[in-house]
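Every number in this text was worked out from the coordinates using simple rules, so none of it is lab data. Just so it is clear, the model here is predicted, and its values are computed rather than measured. Note that each Cβ is placed from the backbone with ideal geometry, even for glycine, and that neighbours are counted across all protein chains shown.
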Amino acid sequence: MNDQPNHPEKPMTMEEGVNVLIDNARQGIRQRYHKCESRIRKSPTKAVLGAVAAGYLMHRLPMRAIVVTQVRVLSALTPPALLLFGAAKLFEFLQRQERE
């Protein structure tokens, strides 16, 4: 019934959690890349037409304004993200001190 072992596992640290997320993201990107590559090999004409259409749209869109907006949003969200990361590390440190 219970698939969990009887011995308690050591909780993951912040770095381990981030590393797991990064590894999962890399695997997902690799899979999507191979899937995209196989679609391109099956239908190169569609791929070229799609690339031309994407290039045309990128030329027509105000790319500078989009990039500036992304930088502004990123710079607004960075301080709270760093605060949360610091708080998580402090919590992890306090838990480790409590166990010792």
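Within region 36-47, the set of residues being exposed (fewer than 10 other Cβ atoms within 10 Å of the Cβ) and not hydroxyl-bearing (Ser, Thr, Tyr) comprises ARG41, LYS42. Tallying residues that are in a helix (DSSP H, G or I), charged (D, E, K, R) and loosely packed, with under 10 Cβ neighbours inside 10 Å within region 49-100 yields 4.
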